[in-house]
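Novice: After the C-alpha coordinates below, expect a handful of questions from me.
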Amino acid sequence: MSETRTESGFTRQTYRRVVYGVVGIGILGLLVGIALEHHLLGTVVYLLGAWIGGGIAFLAPRWSDTPLQDERDYELHNRASGLAMGITMALGLSIVPALYVLDAGGYMTISGTIGGGILVASALFLLYGVCLGIVQRRS
Amino acid sequence: MQNNLSKRRQEEGLSQGELAEAVGVTRQTINAIERDRYNPSLELAFKLAAYFDCSIEDIFDPQIE
(Lines give C-alpha, C1' and ligand atoms only; values in the text may rest on other atoms or scores of the structure.)
Protein backbone atom coordinates (compact mmCIF):
# COMPACT_ATOMS: atom_id res chain seq x y z
CA MET A 1 0.00 0.00 0.00
CA SER A 2 1.40 3.36 -0.97
CA GLU A 3 2.72 5.73 1.66
CA THR A 4 1.67 9.37 1.47
CA ARG A 5 4.67 11.16 0.01
CA THR A 6 5.56 14.81 -0.01
CA GLU A 7 7.08 16.60 -3.01
CA SER A 8 10.47 16.22 -1.34
CA GLY A 9 9.86 12.47 -0.92
CA PHE A 10 9.53 12.75 2.89
CA THR A 11 7.00 10.17 4.03
CA ARG A 12 5.48 9.62 7.45
CA GLN A 13 7.54 6.44 7.75
CA THR A 14 10.72 8.32 6.85
CA TYR A 15 9.83 11.03 9.35
CA ARG A 16 9.46 8.49 12.17
CA ARG A 17 12.62 6.64 11.19
CA VAL A 18 14.64 9.86 11.11
CA VAL A 19 13.32 11.10 14.47
CA TYR A 20 13.67 7.76 16.28
CA GLY A 21 17.01 7.12 14.57
CA VAL A 22 18.55 10.46 15.56
CA VAL A 23 17.30 10.22 19.16
CA GLY A 24 18.41 6.57 19.29
CA ILE A 25 21.92 7.52 18.17
CA GLY A 26 21.97 10.15 20.92
CA ILE A 27 20.98 7.65 23.61
CA LEU A 28 23.45 5.08 22.24
CA GLY A 29 26.16 7.73 22.23
CA LEU A 30 25.47 8.50 25.88
CA LEU A 31 25.62 4.84 26.90
CA VAL A 32 28.82 4.26 24.91
CA GLY A 33 30.28 7.43 26.45
CA ILE A 34 29.51 6.12 29.94
CA ALA A 35 30.90 2.66 29.14
CA LEU A 36 34.12 4.05 27.65
CA GLU A 37 34.40 6.78 30.31
CA HIS A 38 34.12 9.56 27.73
CA HIS A 39 31.33 11.24 29.66
CA LEU A 40 31.62 14.66 28.04
CA LEU A 41 31.64 13.26 24.50
CA GLY A 42 28.71 10.97 25.32
CA THR A 43 26.77 13.90 26.74
CA VAL A 44 27.47 16.03 23.66
CA VAL A 45 26.29 13.21 21.34
CA TYR A 46 23.18 12.71 23.49
CA LEU A 47 22.30 16.41 23.57
CA LEU A 48 22.81 16.73 19.80
CA GLY A 49 20.59 13.68 19.22
CA ALA A 50 17.89 14.94 21.57
CA TRP A 51 17.88 18.49 20.18
CA ILE A 52 18.11 17.55 16.51
CA GLY A 53 15.56 14.73 16.86
CA GLY A 54 13.24 16.94 18.89
CA GLY A 55 13.67 19.76 16.41
CA ILE A 56 12.78 17.52 13.47
CA ALA A 57 9.79 16.07 15.37
CA PHE A 58 8.55 19.58 16.11
CA LEU A 59 9.30 21.32 12.81
CA ALA A 60 8.78 18.64 10.14
CA PRO A 61 4.97 18.43 10.57
CA ARG A 62 4.81 22.24 10.20
CA TRP A 63 6.99 22.39 7.08
CA SER A 64 5.75 19.26 5.32
CA ASP A 65 3.14 19.68 2.60
CA THR A 66 1.43 16.42 3.60
CA PRO A 67 0.31 15.47 7.11
CA LEU A 68 2.92 13.58 9.10
CA GLN A 69 0.64 13.73 12.14
CA ASP A 70 -3.11 14.15 12.27
CA GLU A 71 -6.10 14.09 14.61
CA ARG A 72 -5.78 10.34 15.26
CA ASP A 73 -2.18 10.79 16.43
CA TYR A 74 -3.27 13.55 18.80
CA GLU A 75 -6.05 11.33 20.18
CA LEU A 76 -3.63 8.44 20.63
CA HIS A 77 -1.23 10.76 22.47
CA ASN A 78 -4.09 12.00 24.68
CA ARG A 79 -5.16 8.46 25.54
CA ALA A 80 -1.56 7.37 26.19
CA SER A 81 -0.97 10.42 28.42
CA GLY A 82 -4.17 9.73 30.35
CA LEU A 83 -3.23 6.08 30.78
CA ALA A 84 0.30 6.96 31.92
CA MET A 85 -0.98 9.52 34.43
CA GLY A 86 -3.64 7.09 35.65
CA ILE A 87 -1.12 4.31 36.22
CA THR A 88 1.28 6.70 37.96
CA MET A 89 -1.53 8.05 40.16
CA ALA A 90 -2.80 4.56 41.05
CA LEU A 91 0.69 3.36 41.94
CA GLY A 92 1.48 6.59 43.77
CA LEU A 93 -1.68 6.62 45.88
CA SER A 94 -1.53 2.93 46.67
CA ILE A 95 2.17 2.67 47.49
CA VAL A 96 3.78 6.00 48.42
CA PRO A 97 1.78 6.77 51.61
CA ALA A 98 2.46 3.24 52.86
CA LEU A 99 6.18 3.67 52.21
CA TYR A 100 6.32 6.87 54.27
CA VAL A 101 4.34 5.28 57.13
CA LEU A 102 6.65 2.25 57.16
CA ASP A 103 9.67 4.57 56.99
CA ALA A 104 8.38 6.65 59.92
CA GLY A 105 7.70 3.45 61.90
CA GLY A 106 11.24 2.25 61.35
CA TYR A 107 10.19 -0.81 59.38
CA MET A 108 12.08 0.31 56.31
CA THR A 109 14.11 3.21 54.94
CA ILE A 110 13.17 5.09 51.81
CA SER A 111 16.38 5.06 49.79
CA GLY A 112 17.64 8.02 47.81
CA THR A 113 16.65 6.31 44.56
CA ILE A 114 13.06 5.68 45.69
CA GLY A 115 12.84 9.17 47.17
CA GLY A 116 14.07 10.62 43.88
CA GLY A 117 11.50 8.56 41.98
CA ILE A 118 8.71 9.84 44.23
CA LEU A 119 9.96 13.40 43.74
CA VAL A 120 10.03 13.01 39.94
CA ALA A 121 6.52 11.49 39.90
CA SER A 122 5.26 14.34 42.11
CA ALA A 123 6.87 16.91 39.83
CA LEU A 124 5.30 15.20 36.82
CA PHE A 125 1.86 15.42 38.44
CA LEU A 126 2.42 19.08 39.27
CA LEU A 127 3.47 19.79 35.68
CA TYR A 128 0.44 17.86 34.39
CA GLY A 129 -1.85 19.91 36.62
CA VAL A 130 -0.32 23.19 35.44
CA CYS A 131 -0.57 22.14 31.78
CA LEU A 132 -4.17 21.00 32.28
CA GLY A 133 -4.99 24.37 33.81
CA ILE A 134 -3.39 26.21 30.88
CA VAL A 135 -5.24 24.07 28.32
CA GLN A 136 -8.56 24.53 30.17
CA ARG A 137 -8.12 28.30 30.23
CA ARG A 138 -7.35 28.42 26.51
CA SER A 139 -10.25 26.18 25.43
CA MET B 1 -19.90 3.29 14.71
CA GLN B 2 -19.79 1.48 11.39
CA ASN B 3 -19.01 2.95 7.99
CA ASN B 4 -18.83 2.06 4.33
CA LEU B 5 -15.77 4.20 3.60
CA SER B 6 -13.75 1.29 2.20
CA LYS B 7 -16.53 0.41 -0.26
CA ARG B 8 -16.96 4.01 -1.39
CA ARG B 9 -13.22 4.48 -1.79
CA GLN B 10 -12.84 1.34 -3.85
CA GLU B 11 -15.79 2.33 -6.02
CA GLU B 12 -13.93 5.54 -6.82
CA GLY B 13 -10.74 3.56 -7.57
CA LEU B 14 -8.77 5.35 -4.87
CA SER B 15 -6.01 4.03 -2.68
CA GLN B 16 -6.06 4.81 1.04
CA GLY B 17 -3.08 7.10 0.50
CA GLU B 18 -4.84 9.06 -2.23
CA LEU B 19 -7.98 9.53 -0.14
CA ALA B 20 -5.87 10.48 2.87
CA GLU B 21 -4.04 13.13 0.84
CA ALA B 22 -7.32 14.46 -0.50
CA VAL B 23 -8.81 15.03 2.96
CA GLY B 24 -5.55 16.02 4.68
CA VAL B 25 -4.89 13.10 7.02
CA THR B 26 -2.49 10.17 7.09
CA ARG B 27 -3.10 6.86 5.34
CA GLN B 28 -3.08 5.15 8.74
CA THR B 29 -6.08 7.23 9.82
CA ILE B 30 -8.10 6.22 6.75
CA ASN B 31 -7.13 2.61 7.41
CA ALA B 32 -8.21 2.88 11.07
CA ILE B 33 -11.56 4.42 10.09
CA GLU B 34 -12.23 1.70 7.52
CA ARG B 35 -11.50 -0.97 10.12
CA ASP B 36 -13.88 0.72 12.63
CA ARG B 37 -10.95 1.32 14.98
CA TYR B 38 -11.16 5.09 14.96
CA ASN B 39 -14.12 7.48 14.87
CA PRO B 40 -13.14 10.60 12.94
CA SER B 41 -13.72 14.11 14.18
CA LEU B 42 -16.76 15.97 12.92
CA GLU B 43 -14.45 18.06 10.73
CA LEU B 44 -12.95 15.00 9.05
CA ALA B 45 -16.37 13.36 8.68
CA PHE B 46 -17.59 16.49 6.87
CA LYS B 47 -14.50 16.47 4.63
CA LEU B 48 -15.09 12.83 3.70
CA ALA B 49 -18.77 13.48 3.02
CA ALA B 50 -17.89 16.50 0.87
CA TYR B 51 -15.28 14.48 -1.02
CA PHE B 52 -17.77 11.74 -1.87
CA ASP B 53 -20.53 14.33 -2.41
CA CYS B 54 -22.92 12.76 0.07
CA SER B 55 -24.08 13.29 3.64
CA ILE B 56 -22.20 12.07 6.71
CA GLU B 57 -25.00 9.59 7.42
CA ASP B 58 -24.45 8.02 4.00
CA ILE B 59 -20.95 7.02 5.10
CA PHE B 60 -21.24 6.60 8.86
CA ASP B 61 -23.88 4.64 10.77
CA PRO B 62 -23.93 5.56 14.47
CA GLN B 63 -26.03 2.45 15.26
CA ILE B 64 -28.12 4.37 17.78
CA GLU B 65 -31.00 2.23 19.01
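The values are calculated or read from the model by the stated rules, or taken from the named source; none is laboratory data. What you are looking at is a predicted structure, and each value in this text was computed from that prediction instead of being measured. We place every Cβ from the backbone using ideal geometry, glycine too, and count neighbours over all the protein chains shown.
Novice: Need the failing condition index for B:Ser55 against (1) more than 8 Å from every other protein chain (Cβ to nearest Cβ); (2) under 19 Å from A:Gln13 (Cβ atoms); (3) without any contact (Cβ under 8 Å) to a residue 12 or more places away in the chain, just the number.
Specialist: Only one criterion in (1) more than 8 Å from every other protein chain (Cβ to nearest Cβ); (2) under 19 Å from A:Gln13 (Cβ atoms); (3) without any contact (Cβ under 8 Å) to a residue 12 or more places away in the chain is unmet by B:Ser55, namely (2).
Novice: I'd like to verify a number: residues in the range B:1-21 that are among the aliphatic types (A, V, I, L, M), farther than 9 Å from B:Leu48 by Cβ and touching a helix residue (DSSP H, G or I) at 6+ places or on another chain (Cβ under 6 Å), how many? Working first, answer last.
Specialist: Step one: of the range B:1-21, the residues among the aliphatic types (A, V, I, L, M) are B:1, B:5, B:14, B:19-20.
Filter once more, so that each one left must be farther than 9 Å from B:Leu48 by Cβ: B:1, B:14, B:20.
When the remaining residues are screened for being touching a helix residue (DSSP H, G or I) at 6+ places or on another chain (Cβ under 6 Å), the result is B:20.
Within the range B:1-21, residues that are among the aliphatic types (A, V, I, L, M), farther than 9 Å from B:Leu48 by Cβ and touching a helix residue (DSSP H, G or I) at 6+ places or on another chain (Cβ under 6 Å) number 1.
Novice: Let me ask something else about it. Identify the residue in the range B:18-45 that is closer than 15 Å to B:Pro62 by Cα and more than 10 Å from chain A (Cβ to nearest Cβ) and, among all such residues, is surrounded by the fewest Cβ atoms within 10 Å (Cβ to Cβ). Lay out the reasoning, then the answer.
Specialist: Taking the range B:18-45 as the starting set, the residues that turn out to be closer than 15 Å to B:Pro62 by Cα are B:33-42, B:45.
Within this subset, residues satisfying the condition of being more than 10 Å from chain A (Cβ to nearest Cβ) are B:34-36, B:42, B:45.
Numbers: B:Glu34: 19, B:Arg35: 11, B:Asp36: 11, B:Leu42: 9, B:Ala45: 20.
So the residue we want is B:Leu42.
Novice: Moving to a separate point now. May I ask you to verify whether A:Val19 is at pLDDT below 95, away from chain B (no Cβ under 14 Å), within 25 Å of the chain's Cα centre (by Cα) and part of a helix (DSSP H, G or I)?
Specialist: Working: at pLDDT below 95: yes; away from chain B (no Cβ under 14 Å): yes; within 25 Å of the chain's Cα centre (by Cα): yes; part of a helix (DSSP H, G or I): yes.
So A:Val19 passes the test.
Novice: Also: Looking only at the range B:1-40, count every residue that is closer than 16 Å to B:Asp53 by Cβ, without any contact (Cβ under 8 Å) to a residue 40 or more places away in the chain and not in a loop (DSSP other than H, G, I, E, B) and tell me the total.
Specialist: 6
Novice: While we're here: Which one is farthest from the other protein chains (Cβ to nearest Cβ), of the residues in the range A:36-85 that are exposed (fewer than 13 other Cβ atoms within 10 Å of the Cβ) and over 30 Å from B:Glu34 (Cα atoms)?
Specialist: Within the range A:36-85, the match that is farthest from the other protein chains (Cβ to nearest Cβ) is A:Glu37.
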